[in-house]
Amino acid sequence: MTSPKQQEQPPQVAMLQLISGFWISRAVYVIAKLGIPDLLATGPKTSDELATATNTHSPSLFRLLRALVSVGVLHTGAEGRFENTPLSETLITDAPGSLRWFTVSELGQEHYPAWGNLMHSVKTGGIAFDDFFADDVWGYFHKNPEDAAVFNNSMSGMTAAVNNTLRSSYDFSKFNTVVDVGGGHGALITEILQGNPHTKGVLFDAPEVISGSRERLAAAGLSDRCEAIEGDFFKSVPAGGDAYVMKWILHDWNDELAIQILKNCREHLAPAGRLIIVDCVVPETNEPHFSKFIDLNMLVMTGGKERTAREFEELLSASGFKLLQVIPTEHPTSIIEAQPA
Ligand code: SAH
């Protein structure tokens, strides 16, 4: 993971940058949570003005912003006013593919304490989150709807970031009905249906997630073309699709549970139907790849994992599928296409 710049630095300097990475992460979290990039979107501001707008302690806020300027997240212009940079603009709430809620979710209430307990996972193979919170993450979200809303928004934001890539990398127009299994608030199925006016959709997720999605589907003008169905994908998935899409689902689960979900999809798929998995594919080489750290995120949060192409092939064949192709995208996630074996 060494950049050319790091290679020029003495190892202690380069290592200190890695070690202090979480200081930067948490500082980014605070501005995202406070909505500071949103405030700066209307023009440069002093730390006093920002402190008043966010109800924070101005001298401390100043120190936080100064530190973020030093790593290029923010910029100071005339009279020491703080300004957005292309980096902080990614945290603006309405930016296309906004990372604001991803930042707040990953570095806030539940992911961050779980990462603090990473040692537990490494020592025992258990789930750091469950050990820390005495509950699993889905139970936690059930009991903490505000954090759940942030998480669902974070998934929608991340989905928006990969939407274009997915749409241009795979032709969904050949399907009559696409079922999005664990589709969250429906950002992906919305994108697919808007790009393919003759296709129908089914959004399937847990009841509390589906209840938040109906309004969004209606707002996108898709109430007629997209059914929102609630349920548990370990029990069954809705029938009637000629394509079943699962984005960022299988990586949440260990092989045994992933196979259970896959078999439930297999049950409803005709021989010519397609299964489309959108997940990271871990390269078997040593190059830097986002998947290798998302994999740790899965280790601490859900007990799931990111898989290599070979591991996907094994998982699919254990569930009655044949892997057809792995389509890389510009994003760290790939499209894995399979059909009934
Ligand atoms: N596919 C979406 C969401 C991924 S997050 C996206 O890419 O944005 C994982 C999703 O799985 C969440 O929406 C969660 O509610 C859903 N999920 C978890 N357990 C489930 C279950 N047993 N049945 C149905 N959905 C479930």
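The values are calculated or read from the model by the stated rules, or taken from the named source; none is laboratory data. All values reported here derive from a predicted model rather than from experimental measurement. Cβ sites come from the backbone with ideal geometry, for glycine too, and all protein chains shown count toward neighbours.
Before moving on, here are some points about what is shown:
- Complete set of residues in the range 166-195 that are more than 14 Å from the chain's Cα centre (by Cα) and closer than 16 Å to Asn153 by Cα: Ile189, Thr190, Glu191
- For the range 95-166, the helices (runs of 4 or more DSSP H) that sit wholly inside it and include 2 or more residues that are within 13 Å of the ligand (Cβ to nearest atom) and crowded, with 20+ Cβ neighbours inside 10 Å are 100-106, 137-143.
- Across the range 167-180, the number of residues qualifying as in a strand (DSSP E or B) and either surrounded by fewer than 16 Cβ atoms within 10 Å (Cβ to Cβ) or aliphatic (A, V, I, L, M) (or both) comes to 2.
- Hits in the range 229-269 - residues which are small (Gly, Ala, Ser) and assigned to a helix (DSSP H, G or I): Ala258
- When Ala239, Ala258 are screened for being at pLDDT 95 or above and touching a Ser or Thr at 6+ places or on another chain (Cβ under 9 Å), only Ala258 passes.
- Leu257 being in contact with a strand residue (DSSP E or B) (Cβ under 9 Å, 6 or more places away or on another chain) and among the aliphatic types (A, V, I, L, M): no
- Listed by first and then second residue, the pairs linking a residue in the range 308-326 that is over 22 Å from Thr285 (Cβ atoms) to a residue that is acidic (Asp, Glu) and part of a strand (DSSP E or B), with Cβ atoms under 6 Å apart and 6 or more places separating them unless they lie on different chains, are Leu324/Glu337.
- The combined condition, being of a type outside the set (D, E, K, R), within 16 Å of the ligand (Cβ to nearest atom), in contact with a strand residue (DSSP E or B) (Cβ under 8 Å, 6 or more places away or on another chain) and under 20 Å from Phe129 (Cβ atoms), is not fulfilled by Ile336.
- Subset of the range 77-94 (residues that are exposed (fewer than 14 other Cβ atoms within 10 Å of the Cβ) and either at pLDDT 95 or above or under 26 Å from the mean Cα position of the chain (by Cα) (or both)): Pro86, Asp94
- Comparison of Ala95, Ala134, Ala114 shows that the only residue that is within 21 Å of Ser154 (Cα to Cα), out of contact with any Gly (no Cβ under 7 Å at 6 or more places or on another chain) and without any contact (Cβ under 8 Å) to a residue 12 or more places away in the chain is Ala95.
- Positions within the range 207-231 being in contact (Cβ under 8 Å) with a residue 60 or more places away in the chain and either more than 9 Å from the ligand (Cβ to nearest atom) or within 16 Å of Val245 (Cα to Cα) (or both), in sequence order: Gly212
- When Leu262, Leu250 are screened for being buried (at least 23 other Cβ atoms within 10 Å of the Cβ), within 11 Å of the ligand (Cβ to nearest atom) and closer than 23 Å to Thr302 by Cα, only Leu250 passes.
- The number of residues in the range 273-289 that are away from the ligand (no atom under 16 Å from the Cβ) and either touching a residue at least 40 places away in the same chain (Cβ under 8 Å) or assigned to a strand (DSSP E or B) (or both) comes to 4.
- Looking at Ala134, Ala149, Ala95, Ala78, just one residue is in contact with a helix residue (DSSP H, G or I) (Cβ under 7 Å, 6 or more places away or on another chain) and among the aliphatic types (A, V, I, L, M), and that residue is Ala95.
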